[in-house]
Amino acid sequence: MGNVIGNKIKFILSGESHGDYIVATLDNFPAGIKIDYEYINLLLKERRPMGISETKRIEDDNIKIVSGVFNSITTGAPITILIENKNIKSIDYENLKKIPRPSHADYVAKIKYKDCNDYRGGGHFSGRLTVGIVVIGAICELALRQYNIKISSHIKSVGNIVDRSFDIVNFSNLDRDIKILEKKRFKVLDDIEDNIINEIEKIAKDGDSIGGIIETVVTGIKVGLGEPMFNSVESEIAKAMFSIPAIKGIEFGLGFKFSESRGSEVNDMFYIDDDKIYTKTNNNAGINGGITNGMPICFRVVVKPTPSIEKEMLTLNLETKKEEKLKIVGRHDPFIARRANVVVRAFTSFVIFDLLSMNS
């Protein structure tokens, strides 16, 4: 399995949904970064269910740092963190040994790992492992404070309900939006939280699920971050995003709308103000040739609907080789994008800090 990501800073993630622990390790992380446990727990709280028809599996997520931190300061040694799994109901998954869930990793994991995979709760393929991403990302975000770099994410859309986008040209408006999101647990910019919650609860009552889009912005980035060709800013962020379960697409800046546009309409023209160079628009999301140009980075990812739904589905019994109806039991989210929002933000923090470390 490929469970290591990063260039200069290495992040290793291990564990299973119903195993004893999720284990997250940061290697080659610098000494001297103060660990703010209160802030880490704040981000972990954003990932937990909040009672809007979301999963009933609620974990304490108490973290235990067993190496690399002394007197709440990083030492330069590998940082290893344990997060215990307590609230598990493995009996809900016994039938998955022979009846794979549609759109899950059950079937492919069974074949690839010669029927030795841990199928309980999705095993190593479960969204439960994203708790490790949040912890590691929080630590990297603490390190980014010395560079005055800020990262923020919000739910851009749920079905036909759409939030406004970040203003990635006007710095004062963008700073205002980031401060708005800091005060909210449900991360939307406009006053649409109730509309989204009502939609989620309606879909949950129907035994179904729905997808969404998450938009992320990075501010405070200077010119020159990124290592083309194969360590460009886009490629590093995209690799991390596609490592998050349920992420199925990504676009930067104007994204797929570039296909409808002419160069004269979307080229980002340079100008100078108080000896600083900016662009009048930011359709390229602060990145040219895979390298940051000093404008805010902005990208969006699409999160697919949770495959585990209460509606009856058709699948295959791998023992009888016959089609069979499946009604999934267990504790699942009808809308995972709300909880994935902080995971996207956290993983972005890791990628940006790793790219900065490559420049140092």
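The values are calculated or read from the model by the stated rules, or taken from the named source; none is laboratory data. Because the structure is a prediction, the values reported are computed rather than measured. Methodologically, a virtual Cβ is constructed for each residue, glycine included, from the backbone with ideal geometry; neighbour enumeration extends over all protein chains shown.
Scanning region 293-305 for residues that are buried (at least 23 other Cβ atoms within 10 Å of the Cβ) and among the β-branched types (Val, Ile, Thr) returns Ile297, Val301, Val303. Checked against the criteria, Lys45 counts as within 16 Å of the chain's Cα centre (by Cα) and either loosely packed, with under 14 Cβ neighbours inside 10 Å or of a type in the set (Ser, Thr, Tyr) (or both). Residues that are aromatic (Phe, Trp, Tyr) and surrounded by fewer than 14 Cβ atoms within 10 Å (Cβ to Cβ) within region 138-170 comprise just one, Tyr147.
Can you list residue pairs whose Cβ atoms sit under 6 Å apart, with the first residue in region 187-199 being without any contact (Cβ under 8 Å) to a residue 40 or more places away in the chain and in a helix (DSSP H, G or I) and the second being surrounded by 16 or more Cβ atoms within 10 Å (Cβ to Cβ) and of a type in the set (Phe, Trp, Tyr)? Count only pairs 6 or more apart in sequence or on different chains. Between residues of region 187-199 that are without any contact (Cβ under 8 Å) to a residue 40 or more places away in the chain and in a helix (DSSP H, G or I) and residues that are surrounded by 16 or more Cβ atoms within 10 Å (Cβ to Cβ) and of a type in the set (Phe, Trp, Tyr), the close pairs are Glu193/Phe186. Does Asp177 meet the test of being surrounded by 14 or more Cβ atoms within 10 Å (Cβ to Cβ), part of a helix (DSSP H, G or I), touching an Asp or Glu at 6+ places or on another chain (Cβ under 9 Å) and charged (D, E, K, R)? Here the answer is yes, as Asp177 does meet what is asked. Is there a residue being assigned to a strand (DSSP E or B), free of Cβ contacts under 8 Å to residues at least 60 places away in the same chain and of a type in the set (A, V, I, L, M) anywhere in region 72-82? The answer is yes, given that some residue of region 72-82 is assigned to a strand (DSSP E or B), free of Cβ contacts under 8 Å to residues at least 60 places away in the same chain and of a type in the set (A, V, I, L, M). For residues that are small (Gly, Ala, Ser) and at pLDDT 95 or above, scanning just region 15-51, find the one that is farthest from Ala77 (Cα to Cα). The extreme case among them is Ala24. Residues in region 155-181 that are touching a residue at least 40 places away in the same chain (Cβ under 8 Å) and of a type in the set (Val, Ile, Thr): Ile155, Val158, Ile168, Val169, Ile178. When the test is whether a residue is at pLDDT 95 or above and not in a strand (DSSP E or B), Lys248 does not pass it. One residue stands out among those in region 147-165 that are assigned to a loop (DSSP other than H, G, I, E, B) and closer than 21 Å to Ile197 by Cα: the one that is farthest from the chain's Cα centre (by Cα), which is Asn160.
Within region 204-213, one or more residues are under 15 Å from Cys298 (Cα atoms) and surrounded by 14 or more Cβ atoms within 10 Å (Cβ to Cβ).
Residues satisfying the criterion are present in region 179-186 (criterion: among the aromatic types (Phe, Trp, Tyr), under 30 Å from Ile63 (Cα atoms) and touching a helix residue (DSSP H, G or I) at 6+ places or on another chain (Cβ under 6 Å)).
Looking only at residues that are of a type in the set (D, E, K, R) and part of a loop (DSSP other than H, G, I, E, B) in region 200-245, which one is modelled with the highest pLDDT? Result: Lys222. Checking each residue in region 342-360 for being within 14 Å of Val134 (Cα to Cα) and either modelled with pLDDT under 95 or over 8 Å from the mean Cα position of the chain (by Cα) (or both) picks out Ser349, Phe350, Val351.
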